[in-house]
1. Failed condition for B:A30, given (1) over 27 Å from the mean Cα position of the chain (by Cα); (2) outside any loop (DSSP other than H, G, I, E, B); (3) surrounded by 11 or more Cβ atoms within 10 Å (Cβ to Cβ), with all others met?
2. Which count do you get for residues in the range B:48-87 that are more than 14 Å from B:V123 (Cβ to Cβ) and among the hydroxyl-bearing types (S, T, Y)?
3. How many of the residues making up the range A:24-46 are surrounded by 12 or more Cβ atoms within 10 Å (Cβ to Cβ) and either away from every other protein chain (no Cβ under 11 Å) or in contact with a strand residue (DSSP E or B) (Cβ under 7 Å, 6 or more places away or on another chain) (or both)?
4. Please verify whether A:G89 is in contact with a Gly (Cβ under 6 Å, 6 or more places away or on another chain), farther than 27 Å from B:K71 by Cβ and buried (at least 16 other Cβ atoms within 10 Å of the Cβ), treating the condition exactly as stated.
5. If we scan the range A:69-80, do we find a residue that is more than 10 Å from every other protein chain (Cβ to nearest Cβ) and part of a strand (DSSP E or B)?
6. How many residues does the range A:111-138 hold that are out of contact with any helix residue (DSSP H, G or I) (no Cβ under 9 Å at 6 or more places or on another chain), closer than 28 Å to B:T88 by Cβ, surrounded by 14 or more Cβ atoms within 10 Å (Cβ to Cβ) and not β-branched (V, I, T)?
7. Counting residues that are within 10 Å of chain B (Cβ to nearest Cβ), which strands (runs of 3 or more DSSP E) fully inside the range A:112-170 reach at least 2?
8. Being in a helix (DSSP H, G or I) and of a type outside the set (A, V, I, L, M, F, W, C) is the filter here, so list the residues in the range B:61-90 that pass it.
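The values are calculated or read from the model by the stated rules, or taken from the named source; none is laboratory data. In this text the structure is predicted, and so the values were computed from the model without any measurement. In this analysis, Cβ positions are derived from the backbone assuming ideal geometry, glycine residues included, and neighbour counts consider all displayed protein chains.
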Amino acid sequence: MNMTGKPRDVFPHFNQERGTSIVEVLVAMSISLIVFGVIATSMVQFFLVTRWGNSQLQITNDIQVASLWLGRDALEASSFTAGTGNVYGILNWPDSSHQFRYSYDALDQALVREHIVDGLLQTTHTVARYILDQNDVSFSTSGSLLTVSITSTSGDEIKSVNIEFSMRAR
Amino acid sequence: MKYSSTDHLLQKIARNEKGATLVEELMTVAIIGFGIVILVAMITTGVIGVRQVDDKVLAESLARSQLEMIKDAAYEADPGASPYSSVTPISGYIVSVSIEYWNAGTGNFTPTQRNDGLQKVTVTVSTGGTNIVQTAAFKVDR
């Protein structure tokens, strides 16, 4: 910047300016702090609530989707055969021509459903995507009543449900 | 004293400065406040929506489990005296079951106990005094 004169000479009208008092500066700073405080709090809350909501919807969706698939399969199946290893078990048609195998995918931390027809794998579906541990899902039977326990976890949010399914009698 | 062209420009700018009036400042604060109110309203609506979905899904799983348990149980001619087994409710949720009995003569369902081989089972799940889910199924004596 090329300033060849003193500021007072360059801006002569500055001599008439009163400037701001310390009280005005303090009031302005206080208002600014309050406004920025409210904005910052709103933004933080926005991100926190968004993350919470996202986690909630993910685990809720997990339970809803798993419940729909299991309900559909239990309606067709007449028996449940417990599995070993990463396989929870198999829901069988009365003639065993159709089977629905439920297993744990440790890599994707997911509950996986496989549809098998006459021993041949037809389709594979992931029915729950937020199963942190294989023990977070369990299958048990009492007569023809199948009880499935599902614990879904996303972020800090955890949801557990026990869902009952009545398998067909014949 | 000789002023450069830059000095003249600065003089011009400084003389034309008016600053912001109180009305302008108030308008700015009002617009920022309006934006914050919209943001807070969005967050609140989102939270309410997520909680409603959560309630709905848990209530549906409870209602489904209750109906499946009744479906799995043997037919009870008088569930008032010998009720069907109940699902273990999730904390904060209430599951209630009501039975209506088919009248073979009229074809209607009545709350008065009778045994014509068909019952209408209605399951209601509520939380905080509000009914979340109500679903019905039929129990046949066969």
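1. In the conditions (1) over 27 Å from the mean Cα position of the chain (by Cα); (2) outside any loop (DSSP other than H, G, I, E, B); (3) surrounded by 11 or more Cβ atoms within 10 Å (Cβ to Cβ), B:A30 misses (3) alone.
2. So the count comes out to 2.
3. Counting residues in the range A:24-46 that are surrounded by 12 or more Cβ atoms within 10 Å (Cβ to Cβ) and either away from every other protein chain (no Cβ under 11 Å) or in contact with a strand residue (DSSP E or B) (Cβ under 7 Å, 6 or more places away or on another chain) (or both) gives 1.
4. Values: in contact with a Gly (Cβ under 6 Å, 6 or more places away or on another chain): yes; farther than 27 Å from B:K71 by Cβ: no; buried (at least 16 other Cβ atoms within 10 Å of the Cβ): yes.
Criteria not met by A:G89.
5. Within the range A:69-80 (the criterion being more than 10 Å from every other protein chain (Cβ to nearest Cβ) and part of a strand (DSSP E or B)), the answer is yes, since at least one residue qualifies.
6. Counting residues in the range A:111-138 that are out of contact with any helix residue (DSSP H, G or I) (no Cβ under 9 Å at 6 or more places or on another chain), closer than 28 Å to B:T88 by Cβ, surrounded by 14 or more Cβ atoms within 10 Å (Cβ to Cβ) and not β-branched (V, I, T) gives 3.
7. In the range A:112-170, A:145-154, A:157-166 are the strands (runs of 3 or more DSSP E) which contain 2 or more residues that are within 10 Å of chain B (Cβ to nearest Cβ).
8. Across the range B:61-90, the qualifying residues are B:S61, B:R64, B:S65, B:Q66, B:E68, B:K71, B:D72.
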